[in-house]
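The values are calculated or read from the model by the stated rules, or taken from the named source; none is laboratory data. Nothing here was measured: the structure is a model prediction, and the numbers come from that model. As a convention, Cβ positions derive from the backbone with ideal geometry for all residues, glycine included, and neighbour counts pool all protein chains shown. Quick note on the areas: whole protein, heavy atoms, side chains included, nothing else; ligands and nucleic acids left out. Shrake-Rupley method; radii C 1.70, N 1.55, O 1.52, S 1.80 Å.
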Amino acid sequence: MTVYLFYLLSFIAILSALMVVFSRNPVYSVLYLIVTFFAIAGHYVLLNAQFLAAVHVIVYAGAIMVLFLYVIMMLNLNTYNEMQKANWLRFGAVVSGCLLMVVLVGSLKGAETMQPGAVHDANIGLVSNLGNVLFKEFLLPFEVSSLLFLAAMTGAVMLGKKSIRS
Amino acid sequence: MEWGDIIYKSILVVCVFSVSLLVAMYSTYAERKIAAFLQDRLGPNRAGPFGILQPVADGVKMFMKEEIIPDVSNKALFIIGPSVAMFTACMTGVVIPWGTELVIGGKHYPLQVTDVNIGILYLFGVVSIGVYGIMIGGWASNNKYSLLGAIRASSQMISYELAMGLSIVALIMMTGTLSVREIAAQQVGWHWNVLYQPFGCLLFMICAFAETNRAPFDLPECETELVGGYHTEYSSMKLGFYLFAEYINMFISSAVIATLYFGGYNMPFIGRWVHDPNWMAILGTVFFFCKIFFFIFLFMWVRWTLPRFRYDQLMNLGWKILIPLALLHVAATGVVMWLTGQIH
């Protein structure tokens, strides 16, 4: 049962991820990306990490993608035909895409020798366990990343201001 | 899971679904009657006694009307929009505990479809994807008023979700659980959370009004500025879906407010007169529905009493007043819990 669900979710995730890239209309791309996020949230549930799944849906599908959609709906309201890209831009895109491919293949090369299922505790994804780990073992990285978020937020507000009184 | 459990859960799901639809259907009637009462009119009184069949007549009218899909619209997304709105509205009822549990023949039947250990986060997740129905529909209509309505709806819902989440954080700190059932069970007797967190309750209710796009926060469908808002181009049952989804959301919001802050199915002093657990469960459910109906009435009362906010006022209220207040509330809850020795 779980195996079938896994294959179904993986199929949906990969198909919609491909559609993100191949859709001509940017609004469709965003909607397919949302479907991808839901499929990945389903994977989290299969791994017994309901908290992560819920937060993933709330943050990515519920907040970030709404902002993406918001911006893309406002873009190009009047132009229906895609502009032709310059040749050097296409060439650069091909080169950087190939480089990314090399990196991905390189990082996955040793994957078949890795031991899957190294998780000791099947309940590690539940909220209380996650909280204990975050606030006991990894307190410093957790706080540092929250500081990073705060800095990014402040920066975004400063950039968004039209004029700063000096 | 055994077959008996599966059958029982399916029956419960169908019950929750049909009760949500029925309540939403008669909310439209109640809204018109309450509006009439507040404006010293009679309201619908032609279809059946006291106009009680009016929602049925409205439903039939919605189905029979001609369905118009604008030529310039994006057809697929135009249909997906109201479907998503309706789908997400119907998804939230499953984690709400409608009562304690029935014991029949030694077997326990909890009156809740599923007790997810992150029930509150599930509610938030579904609420946060609910905005896609409005956004997709508004954009696909290819109409500037619809688009403006959709954009207003999305920014309003994102802004108020933050304050709503923060007001819930204080509640979670106090109860120590994310499971909706446990939160309801902790408020036995008179230990309702509203008595401990009246301010958090107020914040949550304001945000719930904004999330359901009800007056005084109904900017997405502000008639005086945007014709009909995000559903300007919709007709027939697709429009019906949008309007119906709003009423289901209102019902679910009322249920969530009643569960989180007003004791859910708990009924004070009931233990003195009734001892049979089955009767207590049924009475608790009835009492829970009384609370829900009161909050639905409150939603309508506010709608027909208060004028609408201006858009910049709405954003200022959300970002500059509610979010700082909610943050302060979280900090104050932490300090009080520390002083009273509940946390170390």
query: Taking trypsin sites (Lys or Arg not before Pro) that fall in a DSSP loop and have at most 12 other Cβ atoms within 10 Å as cut points, what is the longest piece of chain B between them?
result: B:47-309
message: Using Stokes-Einstein with the Kirkwood hydrodynamic radius over Cα pairs, what translational diffusion coefficient do you get for segment B:1-144 at 37 °C and a viscosity of 0.692 mPa s, in µm²/s rounded to a whole number?
response: 176 µm²/s
query: Over the Cα atoms of chain B, how large are the radius of gyration and the largest Cα-Cα distance (Dmax), in Å?
result: 21.0, 66
field: Protein-only accessible surface order, largest first, of B:192, B:319, B:139, B:304 at 1.4 Å
entry: B:319, B:304, B:139, B:192
query: If you build a Gaussian network model of chain B, linking Cα atoms that sit under 10 Å apart, which residue out of B:224, B:175, B:100 swings the most?
result: B:224
- request: Please state the charge dipole magnitude for the protein assembly as shown, taken about the Cα centre, from unit charges on C-beta atoms (+1 on K and R, -1 on D and E), reported in debye and rounded to the nearest 20.
  value: 880 debye
- prompt: Per-residue accessible area for residue A:107 at 1.4 Å probe radius, Å² rounded to 10?
  reply: 80 Å²
message: As a test of the formula, what do you get for chain B when each DSSP H run with n ≥ 4 contributes -39,500 (n - 2.57) and the sum is divided by the residue count, at 222 nm and rounded to the nearest 500 deg cm²/dmol?
response: -22000 deg cm²/dmol
query: How big is the gap, in Å, between the Cα center of segment B:290-344 and the Cα center of segment B:38-71?
result: 34 Å
query: In µm²/s, what is D for the protein assembly as shown at 25 °C and 0.890 mPa s, where D = kT/(6 pi eta Rh) by Stokes-Einstein and Rh is the Kirkwood radius from Cα pairs?
result: 96 µm²/s
message: Tell me the accessible surface of residue B:98 in square angstrom (1.4 angstrom probe, heavy atoms of protein chains only), to the nearest ten.
response: 20 Å²
task: Report the convex hull volume per residue for segment B:83-150, counting only C-alpha atoms, in Å³.
output: 84 Å³
task: Please report, in whole Å, how far the alpha carbons of segment A:127-166 spread along each principal axis, starting with the longest.
output: 46, 18, 9
query: Residue farthest toward the positive end of the dipole of segment B:1-157, with Cβ of Lys/Arg at +1 and Asp/Glu at -1: which of B:23, B:136, B:150?
result: B:150
Stretch in chain B that is longest and holds no GluC sites (Glu not before Pro) that DSSP places in a loop and that have at most 14 other beta carbons within 10 Å: B:68-344
- prompt: Counting only protein chains, not ligands or nucleic acids, how are B:276, B:218 ordered by accessible area (probe 1.4 Å), most first?
  reply: B:276, B:218
- prompt: Near residue B:238, which lysines are there with a Cα under 26 Å away, not counting those fewer than 8 places off in the same chain?
  reply: B:33, B:61, B:65, B:75, B:144
- prompt: Ranked by accessible surface with a 1.4 Å probe, highest first, in what order do B:222, B:90, B:290 come?
  reply: B:290, B:90, B:222
query: How long are the three semi-axes of the equivalent ellipsoid of segment A:1-78, in whole Å, if each is the root of 5 times an eigenvalue of the C-alpha gyration tensor, listed from largest down?
result: 26, 16, 5
field: Average Cα contact separation per residue, chain B, under 8 Å, 6 or more apart, as relative contact order %
entry: 23 percent
